[in-house]
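Asker: Quick one: the structure is below, and I'll ask about it shortly.
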Amino acid sequence: MNNPVTVEVTRGQLVESRHRGLAVVVDAEGQVIFSAGDIDAAIFPRSACKAMQALPLVESGAADAFGFGNRELALACASHSGEPEHVAAAAAMLKAAGRSEIDLECGAHWSFDQATIIAQARSLDQPSALHNNCSGKHSGFICTCVHMGEDPKGYSTYDHPLQQSIRAIMEDLTGAALGPDNCGTDGCSIPTYAVPLKGLAHGFAKLGMGQGLAPIRAAAARRLIEACMAEPFYVAGTKRFCTKLMQVAPGRIFAKTGAEGVFCALLPEKGLSFAVKAEDGATRAAEAMIAALLARHFEADTEEHAALMRLAHHGMRNWNGIEVGQVRVTDVLFG
(Lines give C-alpha, C1' and ligand atoms only; values in the text may rest on other atoms or scores of the structure.)
Protein backbone atom coordinates (compact mmCIF):
# COMPACT_ATOMS: atom_id res chain seq x y z
CA MET A 1 0.00 0.00 0.00
CA ASN A 2 1.32 3.45 -0.94
CA ASN A 3 0.93 5.92 1.88
CA PRO A 4 -0.51 9.28 0.81
CA VAL A 5 1.27 12.62 0.80
CA THR A 6 0.20 14.21 4.06
CA VAL A 7 2.57 17.20 4.24
CA GLU A 8 3.99 19.49 1.57
CA VAL A 9 6.84 21.98 1.85
CA THR A 10 6.78 24.91 -0.54
CA ARG A 11 9.38 27.39 -1.75
CA GLY A 12 8.02 30.37 -3.59
CA GLN A 13 4.98 29.15 -5.52
CA LEU A 14 6.22 25.58 -5.97
CA VAL A 15 6.12 22.43 -3.86
CA GLU A 16 9.75 21.63 -3.08
CA SER A 17 9.27 18.54 -0.90
CA ARG A 18 6.54 16.05 -0.08
CA HIS A 19 6.18 13.78 2.96
CA ARG A 20 4.11 10.62 2.87
CA GLY A 21 2.55 9.44 6.09
CA LEU A 22 0.17 7.19 7.93
CA ALA A 23 -2.21 8.39 10.60
CA VAL A 24 -5.00 7.02 12.75
CA VAL A 25 -7.50 8.31 15.28
CA VAL A 26 -9.32 5.85 17.52
CA ASP A 27 -11.95 6.16 20.22
CA ALA A 28 -11.72 4.94 23.81
CA GLU A 29 -12.45 1.36 22.76
CA GLY A 30 -9.97 1.37 19.90
CA GLN A 31 -12.47 1.78 17.08
CA VAL A 32 -10.99 3.64 14.11
CA ILE A 33 -12.75 6.93 13.41
CA PHE A 34 -10.18 8.27 10.94
CA SER A 35 -7.26 6.77 9.07
CA ALA A 36 -4.84 7.55 6.26
CA GLY A 37 -2.27 5.18 4.86
CA ASP A 38 -1.38 1.70 6.05
CA ILE A 39 -2.29 1.83 9.74
CA ASP A 40 -1.64 -1.90 10.11
CA ALA A 41 2.02 -1.38 9.23
CA ALA A 42 4.41 -2.09 12.09
CA ILE A 43 6.38 0.94 13.23
CA PHE A 44 8.84 1.53 16.04
CA PRO A 45 7.16 3.98 18.49
CA ARG A 46 10.57 5.03 19.78
CA SER A 47 10.19 7.65 22.52
CA ALA A 48 6.50 8.23 21.82
CA CYS A 49 5.66 5.29 24.10
CA LYS A 50 7.58 6.46 27.18
CA ALA A 51 4.38 6.82 29.22
CA MET A 52 3.82 3.10 28.66
CA GLN A 53 7.37 2.33 29.77
CA ALA A 54 6.89 4.44 32.92
CA LEU A 55 3.94 2.40 34.20
CA PRO A 56 6.07 0.12 36.45
CA LEU A 57 7.34 3.19 38.31
CA VAL A 58 3.79 3.93 39.47
CA GLU A 59 2.30 0.42 39.55
CA SER A 60 5.12 -0.92 41.73
CA GLY A 61 4.61 1.79 44.35
CA ALA A 62 8.07 3.22 43.69
CA ALA A 63 6.78 6.67 42.78
CA ASP A 64 4.94 6.97 46.08
CA ALA A 65 7.77 5.42 48.08
CA PHE A 66 10.18 8.07 46.81
CA GLY A 67 7.69 10.93 47.08
CA PHE A 68 7.49 11.72 43.38
CA GLY A 69 4.99 14.28 42.15
CA ASN A 70 3.89 15.49 38.73
CA ARG A 71 7.29 16.83 37.71
CA GLU A 72 9.11 13.57 38.38
CA LEU A 73 6.40 11.51 36.69
CA ALA A 74 6.39 13.82 33.66
CA LEU A 75 10.19 13.55 33.47
CA ALA A 76 9.90 9.74 33.57
CA CYS A 77 7.82 10.05 30.36
CA ALA A 78 10.05 12.70 28.79
CA SER A 79 12.39 13.31 25.91
CA HIS A 80 13.69 16.43 27.57
CA SER A 81 16.09 19.07 26.26
CA GLY A 82 18.73 18.65 28.96
CA GLU A 83 17.96 22.06 30.43
CA PRO A 84 19.14 22.71 34.01
CA GLU A 85 15.71 21.95 35.48
CA HIS A 86 15.58 18.59 33.70
CA VAL A 87 19.07 17.62 34.80
CA ALA A 88 18.40 18.61 38.42
CA ALA A 89 15.13 16.70 38.55
CA ALA A 90 16.68 13.51 37.15
CA ALA A 91 19.56 13.76 39.63
CA ALA A 92 17.09 14.24 42.49
CA MET A 93 15.13 11.15 41.41
CA LEU A 94 18.28 9.05 41.51
CA LYS A 95 19.33 10.51 44.86
CA ALA A 96 15.96 9.58 46.35
CA ALA A 97 16.73 5.96 45.52
CA GLY A 98 20.30 6.17 46.83
CA ARG A 99 21.73 6.12 43.32
CA SER A 100 23.54 8.54 40.99
CA GLU A 101 24.28 9.26 37.35
CA ILE A 102 26.90 6.50 37.23
CA ASP A 103 24.02 4.01 37.32
CA LEU A 104 22.42 5.42 34.15
CA GLU A 105 22.76 3.24 31.05
CA CYS A 106 21.39 5.73 28.51
CA GLY A 107 24.66 7.29 27.34
CA ALA A 108 25.39 11.01 27.16
CA HIS A 109 24.78 13.78 24.65
CA TRP A 110 24.57 17.56 24.53
CA SER A 111 21.28 19.43 24.93
CA PHE A 112 18.77 19.77 22.09
CA ASP A 113 18.12 23.40 23.09
CA GLN A 114 20.42 25.96 21.45
CA ALA A 115 20.70 28.31 24.42
CA THR A 116 21.31 25.39 26.76
CA ILE A 117 23.96 23.74 24.61
CA ILE A 118 25.84 27.05 24.36
CA ALA A 119 25.81 27.32 28.15
CA GLN A 120 26.89 23.69 28.47
CA ALA A 121 29.75 24.16 26.02
CA ARG A 122 30.99 27.10 28.10
CA SER A 123 30.80 25.28 31.44
CA LEU A 124 31.31 21.57 30.71
CA ASP A 125 34.10 19.55 29.16
CA GLN A 126 31.49 17.02 28.10
CA PRO A 127 27.87 16.20 28.91
CA SER A 128 26.91 13.48 31.38
CA ALA A 129 24.17 10.87 31.15
CA LEU A 130 21.95 13.26 33.11
CA HIS A 131 21.88 15.50 30.04
CA ASN A 132 20.58 12.67 27.86
CA ASN A 133 16.99 13.34 26.79
CA CYS A 134 16.03 9.94 28.27
CA SER A 135 17.64 10.43 31.70
CA GLY A 136 14.27 10.92 33.38
CA LYS A 137 12.93 7.66 31.97
CA HIS A 138 16.10 5.82 32.96
CA SER A 139 16.05 7.36 36.44
CA GLY A 140 12.51 6.04 36.77
CA PHE A 141 13.72 2.60 35.68
CA ILE A 142 16.44 2.60 38.34
CA CYS A 143 14.05 3.79 41.04
CA THR A 144 11.64 1.00 40.13
CA CYS A 145 14.37 -1.62 40.36
CA VAL A 146 15.59 -0.34 43.73
CA HIS A 147 12.07 -0.28 45.15
CA MET A 148 11.39 -3.81 43.87
CA GLY A 149 14.64 -5.15 45.32
CA GLU A 150 16.12 -5.89 41.90
CA ASP A 151 19.70 -5.15 40.89
CA PRO A 152 19.49 -2.16 38.50
CA LYS A 153 22.66 -3.20 36.72
CA GLY A 154 21.78 -4.18 33.16
CA TYR A 155 18.26 -2.74 33.49
CA SER A 156 18.41 -1.67 29.83
CA THR A 157 18.92 -5.21 28.47
CA TYR A 158 16.28 -7.40 26.85
CA ASP A 159 16.28 -10.10 29.56
CA HIS A 160 16.35 -7.86 32.64
CA PRO A 161 13.20 -8.32 34.80
CA LEU A 162 12.27 -4.68 34.33
CA GLN A 163 12.36 -4.92 30.54
CA GLN A 164 10.41 -8.17 30.70
CA SER A 165 7.76 -6.31 32.69
CA ILE A 166 7.67 -3.43 30.21
CA ARG A 167 7.38 -5.87 27.32
CA ALA A 168 4.34 -7.50 28.95
CA ILE A 169 2.79 -4.08 29.58
CA MET A 170 3.22 -3.05 25.96
CA GLU A 171 1.69 -6.31 24.78
CA ASP A 172 -1.28 -5.68 27.08
CA LEU A 173 -1.72 -2.15 25.77
CA THR A 174 -1.08 -2.58 22.04
CA GLY A 175 -2.34 -6.13 21.54
CA ALA A 176 0.85 -6.98 19.62
CA ALA A 177 3.03 -10.01 20.33
CA LEU A 178 6.50 -8.72 21.16
CA GLY A 179 9.75 -10.62 20.96
CA PRO A 180 13.17 -10.78 19.31
CA ASP A 181 11.71 -10.77 15.78
CA ASN A 182 10.19 -7.29 16.14
CA CYS A 183 12.68 -5.89 18.63
CA GLY A 184 15.33 -3.27 17.95
CA THR A 185 17.60 -1.18 20.16
CA ASP A 186 16.56 2.38 20.90
CA GLY A 187 18.88 5.38 20.98
CA CYS A 188 19.10 5.13 24.77
CA SER A 189 19.94 1.39 24.55
CA ILE A 190 16.69 -0.14 25.79
CA PRO A 191 14.63 -2.55 23.64
CA THR A 192 12.12 -0.96 21.27
CA TYR A 193 9.38 -2.96 19.57
CA ALA A 194 7.65 -2.50 16.22
CA VAL A 195 3.86 -2.52 16.58
CA PRO A 196 1.04 -1.67 14.16
CA LEU A 197 0.23 2.05 14.20
CA LYS A 198 -3.41 1.21 14.96
CA GLY A 199 -2.32 -0.88 17.95
CA LEU A 200 -0.14 1.96 19.22
CA ALA A 201 -3.09 4.34 19.07
CA HIS A 202 -5.31 1.81 20.86
CA GLY A 203 -2.65 1.45 23.53
CA PHE A 204 -2.72 5.17 24.15
CA ALA A 205 -6.51 5.11 24.20
CA LYS A 206 -6.27 2.62 27.05
CA LEU A 207 -3.76 4.85 28.83
CA GLY A 208 -5.93 7.91 28.51
CA MET A 209 -9.36 6.45 29.11
CA GLY A 210 -8.68 3.22 30.98
CA GLN A 211 -11.00 0.89 29.06
CA GLY A 212 -9.80 -2.69 29.12
CA LEU A 213 -7.20 -2.15 31.83
CA ALA A 214 -7.03 -3.62 35.31
CA PRO A 215 -7.91 -0.95 37.92
CA ILE A 216 -4.33 -0.57 39.20
CA ARG A 217 -3.02 -0.07 35.66
CA ALA A 218 -5.81 2.32 34.70
CA ALA A 219 -5.11 4.44 37.79
CA ALA A 220 -1.35 4.46 37.13
CA ALA A 221 -1.89 5.39 33.49
CA ARG A 222 -4.25 8.22 34.37
CA ARG A 223 -1.76 9.54 36.90
CA LEU A 224 1.07 9.60 34.35
CA ILE A 225 -0.99 11.25 31.61
CA GLU A 226 -2.30 13.87 34.02
CA ALA A 227 1.24 14.55 35.28
CA CYS A 228 2.47 15.15 31.73
CA MET A 229 -0.40 17.52 30.98
CA ALA A 230 0.24 19.37 34.25
CA GLU A 231 4.00 19.72 33.61
CA PRO A 232 4.54 19.91 29.83
CA PHE A 233 7.94 21.60 30.23
CA TYR A 234 9.25 18.47 31.97
CA VAL A 235 8.01 16.28 29.10
CA ALA A 236 10.07 18.19 26.54
CA GLY A 237 11.35 21.72 27.22
CA THR A 238 11.59 25.29 26.00
CA LYS A 239 10.02 25.80 22.55
CA ARG A 240 9.66 22.04 22.06
CA PHE A 241 6.66 20.84 20.06
CA CYS A 242 5.24 18.49 22.72
CA THR A 243 5.28 21.35 25.20
CA LYS A 244 3.66 23.74 22.70
CA LEU A 245 0.84 21.31 21.91
CA MET A 246 0.00 20.72 25.56
CA GLN A 247 0.13 24.44 26.31
CA VAL A 248 -2.49 25.10 23.62
CA ALA A 249 -5.16 23.54 25.85
CA PRO A 250 -3.71 22.97 29.33
CA GLY A 251 -4.95 19.77 30.94
CA ARG A 252 -6.81 18.74 27.79
CA ILE A 253 -4.07 17.61 25.36
CA PHE A 254 -1.40 14.98 25.96
CA ALA A 255 1.29 14.76 23.27
CA LYS A 256 4.55 12.87 22.91
CA THR A 257 7.02 12.70 20.06
CA GLY A 258 9.24 9.82 19.03
CA ALA A 259 12.28 9.67 16.78
CA GLU A 260 11.94 9.00 13.06
CA GLY A 261 8.70 10.89 12.53
CA VAL A 262 6.40 9.37 15.16
CA PHE A 263 3.90 11.31 17.26
CA CYS A 264 1.12 10.22 19.61
CA ALA A 265 -1.51 12.31 21.35
CA LEU A 266 -4.65 12.12 23.47
CA LEU A 267 -7.76 14.19 24.00
CA PRO A 268 -8.97 12.42 27.17
CA GLU A 269 -12.13 14.51 27.58
CA LYS A 270 -13.21 13.54 24.06
CA GLY A 271 -12.09 9.93 24.42
CA LEU A 272 -9.78 10.15 21.40
CA SER A 273 -6.29 8.82 20.72
CA PHE A 274 -3.98 9.77 17.84
CA ALA A 275 -0.88 8.21 16.26
CA VAL A 276 1.05 9.30 13.18
CA LYS A 277 4.22 8.27 11.37
CA ALA A 278 6.02 10.22 8.68
CA GLU A 279 7.20 7.56 6.26
CA ASP A 280 10.57 9.24 5.71
CA GLY A 281 11.15 9.86 9.42
CA ALA A 282 10.83 13.65 9.16
CA THR A 283 9.95 15.30 12.46
CA ARG A 284 8.54 18.40 10.75
CA ALA A 285 6.01 16.24 8.93
CA ALA A 286 4.94 14.33 12.05
CA GLU A 287 4.51 17.59 13.96
CA ALA A 288 2.32 19.10 11.27
CA MET A 289 0.24 15.92 10.99
CA ILE A 290 -0.49 15.57 14.71
CA ALA A 291 -1.34 19.26 15.07
CA ALA A 292 -3.78 19.10 12.16
CA LEU A 293 -5.50 15.99 13.49
CA LEU A 294 -5.88 17.52 16.92
CA ALA A 295 -7.26 20.72 15.39
CA ARG A 296 -10.06 18.73 13.73
CA HIS A 297 -11.52 18.05 17.17
CA PHE A 298 -11.74 21.64 18.37
CA GLU A 299 -14.45 24.01 17.18
CA ALA A 300 -13.28 26.06 14.19
CA ASP A 301 -13.87 29.43 15.87
CA THR A 302 -11.87 28.65 19.03
CA GLU A 303 -8.40 29.87 20.02
CA GLU A 304 -7.31 26.26 20.41
CA HIS A 305 -8.22 25.40 16.82
CA ALA A 306 -6.43 28.47 15.49
CA ALA A 307 -3.30 27.76 17.54
CA LEU A 308 -3.16 24.14 16.40
CA MET A 309 -3.62 25.11 12.76
CA ARG A 310 -0.76 27.59 13.06
CA LEU A 311 1.41 24.69 14.17
CA ALA A 312 0.13 22.47 11.35
CA HIS A 313 0.52 25.08 8.59
CA HIS A 314 3.32 27.58 9.10
CA GLY A 315 5.84 29.66 7.22
CA MET A 316 9.57 29.06 6.87
CA ARG A 317 12.00 31.96 7.09
CA ASN A 318 15.60 32.29 6.01
CA TRP A 319 18.43 33.75 8.11
CA ASN A 320 17.34 37.28 7.16
CA GLY A 321 13.83 36.64 8.44
CA ILE A 322 12.31 36.55 4.96
CA GLU A 323 9.47 34.06 4.51
CA VAL A 324 10.58 31.70 1.75
CA GLY A 325 7.96 28.97 1.90
CA GLN A 326 5.52 27.00 4.00
CA VAL A 327 5.06 23.66 5.70
CA ARG A 328 1.44 22.65 5.16
CA VAL A 329 -0.72 19.59 5.64
CA THR A 330 -2.69 18.26 2.68
CA ASP A 331 -6.39 17.63 2.37
CA VAL A 332 -5.78 13.95 3.13
CA LEU A 333 -5.88 14.75 6.85
CA PHE A 334 -9.21 16.54 6.55
CA GLY A 335 -11.06 13.89 4.59
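The values are calculated or read from the model by the stated rules, or taken from the named source; none is laboratory data. Given the structure is predicted, the values throughout are model-derived calculations rather than measurements. In this analysis, Cβ positions are derived from the backbone assuming ideal geometry, glycine residues included, and neighbour counts consider all displayed protein chains. The accessibility values were calculated without ligands, DNA or RNA, using every heavy atom of the protein model including side chains. Shrake-Rupley method; radii C 1.70, N 1.55, O 1.52, S 1.80 Å.
Asker: Can you tell me which residue within region 81-103, out of those that are part of a loop (DSSP other than H, G, I, E, B) and within 10 Å of residue 130 (Cβ to Cβ), is most open to solvent (accessible area, probe 1.4 Å)?
Answerer: 100
Asker: Something else now. Taking region 1-35 only, how many residues are without any contact (Cβ under 8 Å) to a residue 12 or more places away in the chain and among the hydroxyl-bearing types (Ser, Thr, Tyr)?
Answerer: Adding up the residues that qualify gives 1.
Asker: Further, regarding this structure: Using the structure shown, decide if residue 321 is on the phi > 0 side of the Ramachandran plot and open to solvent by 10 Å² or more (accessible area, probe 1.4 Å).
Answerer: The answer is yes for residue 321.
Asker: Quick one: in region 236-267, of everything that is assigned to a helix (DSSP H, G or I) and touching a strand residue (DSSP E or B) at 6+ places or on another chain (Cβ under 7 Å), which residue is surrounded by the most Cβ atoms within 10 Å (Cβ to Cβ)?
Answerer: 242
Asker: OK, next. If only one of 35, 47 is assigned to a helix (DSSP H, G or I), open to solvent by 10 Å² or more (accessible area, probe 1.4 Å) and of a type in the set (Ser, Thr, Tyr), which one is it?
Answerer: The unique qualifying residue is 47.
Asker: Here is a list: 178, 162. Which entry is aliphatic (A, V, I, L, M) and closer than 30 Å to residue 85 by Cα?
Answerer: Criteria check complete, one pass: 162.
Asker: Moving on to the next point. Does residue 267 qualify as being more than 18 Å from residue 45 (Cβ to Cβ), touching a residue at least 12 places away in the same chain (Cβ under 8 Å) and among the aliphatic types (A, V, I, L, M)? Reasoning before the result, please.
Answerer: Details: more than 18 Å from residue 45 (Cβ to Cβ): yes; touching a residue at least 12 places away in the same chain (Cβ under 8 Å): yes; among the aliphatic types (A, V, I, L, M): yes.
In short, yes.
Asker: Name the pairs: first residue in region 85-109 and touching a residue at least 60 places away in the same chain (Cβ under 8 Å), second residue among the charged types (D, E, K, R) and buried (at least 17 other Cβ atoms within 10 Å of the Cβ), Cβ to Cβ under 8 Å, at least 6 apart or on different chains?
Answerer: If the second residue must be among the charged types (D, E, K, R) and buried (at least 17 other Cβ atoms within 10 Å of the Cβ), the pairs left are 89/71; 89/72; 106/137.
Asker: Just checking: which of the helices (runs of 4 or more DSSP H) contained wholly in region 104-220 hold 1 or more residues that are at pLDDT below 95 and over 30 Å from residue 36 (Cβ atoms)?
Answerer: By residue number, 114-123.
Asker: If you don't mind, there's one more thing I want to ask. Residues that are of a type in the set (S, T, N, Q) and touching a Pro at 6+ places or on another chain (Cβ under 6 Å): does region 265-276 have at least one?
Answerer: No, region 265-276 has no match at all.
Asker: I'm told residue 64 meets every condition in (1) assigned to a strand (DSSP E or B); (2) surrounded by fewer than 17 Cβ atoms within 10 Å (Cβ to Cβ) except one. Can you identify the failing condition by its number?
Answerer: For residue 64, the exception is condition (1).
Asker: Sort out which residues of region 147-160 are surrounded by 14 or more Cβ atoms within 10 Å (Cβ to Cβ) and of a type outside the set (Ser, Thr, Tyr), and write them in order of number.
Answerer: Across region 147-160, the qualifying residues are 147, 148, 150, 152, 154, 160.
Asker: Scan region 200-216 for residues that are closer than 23 Å to residue 136 by Cβ and under 19 Å from the mean Cα position of the chain (by Cα) and jot them down.
Answerer: 200, 203, 204, 206, 207, 208
Asker: Hey, another quick one. When the residues of region 130-141 are narrowed to those that are crowded, with 24+ Cβ neighbours inside 10 Å and not small (Gly, Ala, Ser), which ends up farthest from residue 191 (Cα to Cα)? Steps first, answer last, please.
Answerer: Here is the first cut: in region 130-141, the residues crowded, with 24+ Cβ neighbours inside 10 Å are 131-132, 134-141.
Okay, now just the ones that are also not small (Gly, Ala, Ser), so 131-132, 134, 137-138, 141.
Values: 131: 20, 132: 17, 134: 13, 137: 13, 138: 13, 141: 13 Å.
Per the criteria, the residue is 131.
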